[in-house]
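The following block contains the structure, expressed as structure tokens.
The values are calculated or read from the model by the stated rules, or taken from the named source; none is laboratory data. Please read all numbers here as calculations on a predicted model, not as lab measurements. Neighbour counts are summed over all protein chains in view; Cβ atoms, including those assigned to glycine, are modelled from backbone coordinates with ideal geometry. The protein model used for the area step is the full one, side chains on, heavy atoms only, and it has no ligands, DNA or RNA in it. Shrake-Rupley method; radii C 1.70, N 1.55, O 1.52, S 1.80 Å.
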Amino acid sequence: QAVRRRAFWLTLVGLLLGVFGVQGYFVHAIPHMEANGLSRSTASLAWGTFFFTGVVAKFLWGFVIEKLTVRWSLVVLYLWEAIGMQLLLHATTPTAVFVYAVLNGLGHGPFLQLQAMVWADFFGRRSIGSIMGVVQPIVVGFGALGPWLAGYLFDLNGDYATFFSLGSGLCIAAALVFMLVRKPGSAPLHAVSQSGLGPG
């Protein structure tokens with residue numbers, strides 16, 4: 001029933017666009033900082049700061065999501081990720097990378113949680129295991145292509161500028177998708193008719 005609905009496919013496309021860009025730059029963040037002239041210790045400390053800030057931000061985002069809704073939280077998240085990639089792309093000093101780490105860490109906090117929450121929010125929790133079992137291998141597999149392309153473009157161009165710009169664009173596209181997608185109607189997926197097909 002879920003795959004018959006437009007919201008299912010738009011949600012999947014939005015997540016694929018976002019995860020491709022974000023996971024693509026994640027793997028190459030420290031090499032990128034080193035390529036920008038920063039020491040490995042500074043790059044590692046900044047990366048650790050990014051994740052620590054993200055953990056703290058999860059608690060704050062719990063309140064934000066309740067007020068903003070899951071869909072609009074994803075819009076904000078992906079726009080924030082796009083800005084964060086641009087901040088990191090141009091960060092050539094220790095101060096700049098720590099500014100990136102804190103600011104983007106605040107935005108990245110609910111990245112994984114929202115990817116799961118959107119399915120439950122749109123289609124209910126009764127079939128969330130089946131839905132996640134279908135979509136998550138696709139999301140993970142597609143996301144794994146991001147680091148490969150980032151590495152290929154680095155070998156081709158000698159820097160990560162092309163991929164970071166591409167990743168930012170993909171995150172903006174993901175935000176636009178979630179601006180357009182609408183939560184399916186109120187009929188629950190488990191309301192199956194006697195024919196076994198159910199509504200929608």
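In the list 29, 57, 43, 35, which residue meets the criterion of being under 26 Å from residue 144 (Cα atoms) and open to solvent by 40 Å² or more (accessible area, probe 1.4 Å)?
35
Right, something else. Is at least one residue of segment 53-60 of a type in the set (A, V, I, L, M), in a helix (DSSP H, G or I) and in contact with a Ser or Thr (Cβ under 8 Å, 6 or more places away or on another chain)?
The answer is no; no qualifying residue exists.
Need the failing condition index for residue 92 against (1) outside any helix (DSSP H, G or I); (2) touching a helix residue (DSSP H, G or I) at 6+ places or on another chain (Cβ under 8 Å); (3) of a type in the set (Ser, Thr, Tyr), just the number.
(2)
Follow-up question, since we're still on this one. List every residue pair whose Cβ atoms sit under 8 Å apart, with the two residues 6 or more apart in sequence or on different chains, where the first one lies in segment 32-53 and is farther than 14 Å from residue 160 by Cβ and free of Cβ contacts under 8 Å to residues at least 60 places away in the same chain and the second, anywhere, is hydroxyl-bearing (Ser, Thr, Tyr) and open to solvent by less than 20 Å² (accessible area, probe 1.4 Å).
From segment 32-53, the pairs are 46/100; 50/100.
Residues in segment 160-168: is at least one among the hydroxyl-bearing types (Ser, Thr, Tyr), surrounded by fewer than 19 Cβ atoms within 10 Å (Cβ to Cβ) and in a helix (DSSP H, G or I)? I'd like the intermediate steps shown before the answer.
Initially, segment 160-168 is screened for residues among the hydroxyl-bearing types (Ser, Thr, Tyr), giving 160, 162, 165, 168.
From what's left, surrounded by fewer than 19 Cβ atoms within 10 Å (Cβ to Cβ): 162, 165.
Then keep just the ones that are in a helix (DSSP H, G or I); that gives 162, 165.
Looking through segment 160-168, at least one residue is among the hydroxyl-bearing types (Ser, Thr, Tyr), surrounded by fewer than 19 Cβ atoms within 10 Å (Cβ to Cβ) and in a helix (DSSP H, G or I).
Same structure again: When you go through 114, 88, 79 one by one, which is the residue that is at pLDDT 90 or above, within 12 Å of the chain's Cα centre (by Cα), open to solvent by less than 10 Å² (accessible area, probe 1.4 Å) and among the aliphatic types (A, V, I, L, M)?
Among 114, 88, 79, only 114 is at pLDDT 90 or above, within 12 Å of the chain's Cα centre (by Cα), open to solvent by less than 10 Å² (accessible area, probe 1.4 Å) and among the aliphatic types (A, V, I, L, M).
Another question, if that's okay. What are the pairs with Cβ atoms under 6 angstrom where one residue, in segment 121-137, is open to solvent by 50 Å² or more (accessible area, probe 1.4 Å) and the other, located anywhere, is in a helix (DSSP H, G or I) and modelled with pLDDT of 85 or more? Sequence gap at least six, or different chains.
121/70
Taking residue 13 as the residue in question, decide whether it is open to solvent by 40 Å² or more (accessible area, probe 1.4 Å), of a type outside the set (Ser, Thr, Tyr) and out of contact with any Ser or Thr (no Cβ under 8 Å at 6 or more places or on another chain).
yes
Taking segment 12-50, which residues are in contact with a Pro (Cβ under 7 Å, 6 or more places away or on another chain) and among the acidic types (Asp, Glu)?
Within segment 12-50, none qualify.
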